[in-house]
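Let me begin by presenting the structure, written as C-alpha cells, before commenting on it.
The values are calculated or read from the model by the stated rules, or taken from the named source; none is laboratory data. Everything quoted here is computed from the prediction, not taken from an experiment. We place every Cβ from the backbone using ideal geometry, glycine too, and count neighbours over all the protein chains shown.
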C-alpha cells in the first residue's frame, strides 16, 4: 500500500509495544460501545495503513501525526468514501489524537493543528429501504403463526423495534426493569449512553405483554434466547441473533430482504408521513439533531415524483 506522505513511514510506527493504558487507540476504543468500537477500529486500521503501509491502529504512532498528515488522510478518504463515511472516520482520527494529547504524548499546539482538518461537505441518501404497512403486518402474522415461545418473543421484538425506532443493539440492551407495564413507558439506552423513552400502546403493548407473561418477572434482559424446543434461557440475546431472527421471519412472511435498521427507518418515515412533529420524532429516535431525522423524510421524494408526472414527453412507442 502506498503511504500518504513523503515522510519516512517508519517514523509513524511504534518501535516498542505500548501498554494498553498508554496506547491512544486502545484508550479511545475502550470508551466506545461494542458496535461502534468495531467500526471505528476498522477505520483506524485503514488510516494507519495509509500512513505507514503496514501498521494497524495499535502499532501506529498517532502522537507523531501533524496537520499535513491529517489533511492528507482526509484527501485520500474523500477519493474513496462518501462524505458521511469520511466524516465518521475523521471523527475516529480526532478521537485517537485527543487521547494522545491527554496522555501527554503530543503537545497542545500540535494537537490543535492536527485536528483542524475540516469535515467533508456533501449529502447522500440514506441506504436501505422502508417497509410497507403490509410488510409489517406480514412479519407480525408470521410470528403469530408460530405458536412457540419464539413466535411470541419475535412479535414483541418487531413491535418494539417499530414503535420505538430501536437499533438492534438497543434491543439486546433492554432489561425487564426498563419497561413499566402499567404506563407502557420504556427506557432505551442509545449511543453514547443517551437515554430516551418510548411508549408501547395498542398492538405493540399487547405483543410485549404476551411475551412477559411467558418470560416471567425474573430480573435480567427483557428478551431472552428460545431454543428449538421452546425452552427460554436466562441470558441476553446477541445483535446477530436479532439479525438472524428478522431474516427468518422475512423469509416466512415472503417479505423482501431488509436490514434491522430499515425498521428504524420505517419508524421515522411513517411518523413523518402521519404528520408528527419532526423535532419530537428526532427525540424519539435519539438523533443528535433534526437534520439527521430529515434525511429519512420521504415526502419530498413523493412530491418530486408527482411533479415529474406533470411533464409530458411526446413519445408513443413502436
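Okay, here's what the table says:
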| item | result |
| --- | --- |
| Test: residue in region 242-254 that is outside the structural domain of residue 38 (by TED's automatic domain parsing), touching a residue at least 60 places away in the same chain (Cβ under 8 Å) and closer than 22 Å to residue 177 by Cα | yes |
| Residue among 220, 205 that is assigned by TED's automatic domain parsing to the domain that holds residue 280 and at positive phi | 220 |
| Given (1) assigned to a helix (DSSP H, G or I); (2) farther than 25 Å from residue 197 by Cβ, number of the condition residue 246 does not satisfy | (2) |
| Residue check for residue 174: over 20 Å from the mean Cα position of the chain (by Cα), surrounded by 13 or more Cβ atoms within 10 Å (Cβ to Cβ) and not assigned by TED's automatic domain parsing to the domain that holds residue 36 | no |
| Residue within region 74-96 that is in a loop (DSSP other than H, G, I, E, B), farther than 27 Å from residue 254 by Cα and at pLDDT 95 or above present | no |
| Search result, residues across region 293-318 that are assigned to a helix (DSSP H, G or I) and touching a helix residue (DSSP H, G or I) at 6+ places or on another chain (Cβ under 7 Å) | 293, 294, 299 |
| Meets criteria (surrounded by 17 or more Cβ atoms within 10 Å (Cβ to Cβ), at pLDDT below 95, part of a helix (DSSP H, G or I) and touching a strand residue (DSSP E or B) at 6+ places or on another chain (Cβ under 9 Å)) for residue 47 | yes |
| Residue in region 58-73 that is in a loop (DSSP other than H, G, I, E, B), within 25 Å of residue 170 (Cβ to Cβ) and in contact (Cβ under 8 Å) with a residue 24 or more places away in the chain present | no |
| Selection within region 189-219 - assigned to a loop (DSSP other than H, G, I, E, B) and touching a strand residue (DSSP E or B) at 6+ places or on another chain (Cβ under 7 Å) | 190, 200 |
| Test: residue 34 is surrounded by fewer than 16 Cβ atoms within 10 Å (Cβ to Cβ) and over 30 Å from residue 170 (Cα atoms) | no |
| Filter result (surrounded by 17 or more Cβ atoms within 10 Å (Cβ to Cβ), free of Cβ contacts under 8 Å to residues at least 24 places away in the same chain and under 16 Å from the mean Cα position of the chain (by Cα)) within region 177-209 | 189 |
| Any hit, region 143-151, residues being under 17 Å from residue 285 (Cβ atoms), in the same structural domain as residue 268 (by TED's automatic domain parsing) and in a helix (DSSP H, G or I) | no |
